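Please find one structure pasted underneath; my questions will follow.
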Amino acid sequence: MSNMIKKLNRLAHPVFLVSLFILLLNDFILKTVFHNYLTGKLSDFAGLLAFSFFWSVLFPKRIKEIHIAVALFFVFWKSPFSEAFVNFFGLYRVVDFLDNMALVSILVSFWLLKRESVIYKVQPVFLKLIFLLSCFSFVATSKPQEPETFEDGFSYLHLNNETDKKITVLINFKFSENEIVTYKKQQTKILVDNYKRFINQDEKEHRLVFKPSDSLQIIKEVNDEWLLRKKYSMIRSIILDKGEEQYVVLPLHGNDISIGFPKDFKISILDGNNKLLKSYDKKAFFNKTENKGLNELSRSEAFSLTFGKKKEPLNISDCYGKWESRQKSDFSKIEINANYFINDNNGEVYDCNYKGDTILVHSPNKIYLGIIKKAAKDSLVISWDNEPDLIYSKSKKTTVLGR
């Protein structure tokens, strides 16, 4: 057995394997599903034991130094003193002194390694697998988490084009400079008053005093938030193909309690030739069915705007029967069923088939293509070979074809 295999043999210790399993399970499954206080602590306890044990197995002559170094770095990492280090490397962690309870895992690792070494009967290939899994778990679990940003709390406008054509949506959601100044003053006053109220309630217990610098900090935070809002405070144009939907970010935050829609808010719908089809001011927007019960200060749901009616799928059987049109055409009088088409103008019978809302009529010399635009109980609209629509009414004559 080579020296490396002998070293790695201790990685087969049951306690180390359990800690490694918990670390991987927690970081890749439990945190995703639950993401709570307990999952955070599990990572600390399992990670410290596995990390200390792993490096001590690789460097058995430095067991004591490794455990002390891991303990000191963990205390530093979980303290405010590591802020500059964290920011410099673009990392993320939560400062919580209770996390230092996990240091007991380092003691457990040290105690296990100081006991008499046991040779575990494990195939070299499995020891190498444990080694690779350990390296992977340390790298994967040390990935910086993305902290939630102010922009994550912005509301959305859901646009849905259910018309049969491409449209352009012009959205004016731009705050004027006067509105921004007014909202900033309102927000600053509300936040200062709330903070003063908090201090007055807890000043005896926490010995807090409101300082002029607190006002300056609140003003700075409000200004910073409005810099982010201005990224989405604009007039924008969005093109939606038929059936397309899109979500648009609005500069309204979930914590806002006083900021409504801009005074000049407007949404205009244009067709392919930039002709105005419809426009919505605030009143018309909130009168839409999908926004009933919402108002400018609603933040719990995304706002919605649907254009056109959703087209119901064509029921081919509604086309069956005998039909007549007053318009002049070779197909002004017809009878249709699932497989056959009769031209009642000349009595000829052709095979036919359907593809979606299209009917294909197979004559000996030509295939006629009809786009079925409407099929109802007593009316039928078909455009044959891109000619103007033929509007049919149900004929009272007796049908020849069955269904």
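The values are calculated or read from the model by the stated rules, or taken from the named source; none is laboratory data. Note that the coordinates shown come from a computational prediction; the quantities given were computed from them, not determined experimentally. All Cβ positions, even for glycine, are placed from backbone atoms using ideal geometry, and neighbour counts span all protein chains on display. Only protein heavy atoms, including side chains, enter the accessible area calculation; ligands, DNA and RNA are left aside. Shrake-Rupley method; radii C 1.70, N 1.55, O 1.52, S 1.80 Å.
Using a Gaussian network model on the chain with a 10 Å cutoff between Cα atoms, which of PHE331, PHE74, PHE45 fluctuates the most?
PHE331
Also, I was wondering about something else. For the chain, what is the mean residue ellipticity at 222 nm derived from helices alone (per DSSP H run of n ≥ 4: -39500 (n - 2.57); sum divided by total residues; nearest 500 deg cm²/dmol)?
Using -39500 (n - 2.57) per qualifying helix, the result is -11500 deg cm²/dmol.
Placing one identical point scatterer on every Cα of the chain and ignoring solvent, what is log10 I(q)/I(0) from the Debye formula at q = 0.07, 0.11 Å⁻¹?
-0.70, -0.95
Name all residues of region 258-282 having a backbone nitrogen under 13 Å from the label point set 7 Å from the Cα of THR168 along its Cα→Cβ direction, giving them as ranges.
Within reach of a label on THR168, which here means backbone N under 13 Å from a point 7 Å along Cα→Cβ, region 258-282 contributes 268-277.
Let me ask something additional. Report the FRET efficiency, 1/(1 + (r/R0)^6), for LYS128 and LEU227, where r is their Cβ-Cβ distance and R0 is 51 Å, rounded to 0.05.
0.45
In Å, what Rg and Dmax follow from the Cα atoms of region 222-268?
When restricted to Cα atoms, region 222-268 yields Rg and Dmax of 13.1, 40 Å.
By the gyration tensor of its Cα atoms, with a ≥ b ≥ c the square roots of the eigenvalues, what is the shape of region 158-278: rounded for a/c under 1.5, prolate for a/b over b/c, or oblate?
Cα axes put region 158-278 in the prolate bin.
Pick out which of ILE269, ILE382, ILE106 has the largest mean-square fluctuation in a Gaussian network model of the chain, springs linking Cα atoms closer than 10 Å.
Of ILE269, ILE382, ILE106, the Gaussian network model singles out ILE382 as fluctuating most.
Calculate the translational D of region 256-403 in whole µm² s⁻¹ from Stokes-Einstein, where the hydrodynamic radius comes from the Kirkwood formula applied to all Cα pairs, the temperature is 4 °C and the viscosity 1.567 mPa s.
It diffuses with D of about 68 µm²/s by this estimate.
Further, regarding this structure: How many Å² of accessible area per residue for region 245-320, probe 1.4 Å?
Each residue of region 245-320 exposes 60 Å² on average to a 1.4 Å probe.
For the chain, which whole percent of the accessible surface, found with a 1.4 angstrom probe, sits on carbon and sulfur atoms?
Answer for the chain is 58 percent, counting heavy atoms of protein chains only.
Can you list the lysines whose alpha carbon is less than 30 Å from that of LYS31, not counting same-chain residues fewer than 8 positions off?
By straight Cα distance, LYS31 reaches LYS41, LYS78, LYS128, LYS143.
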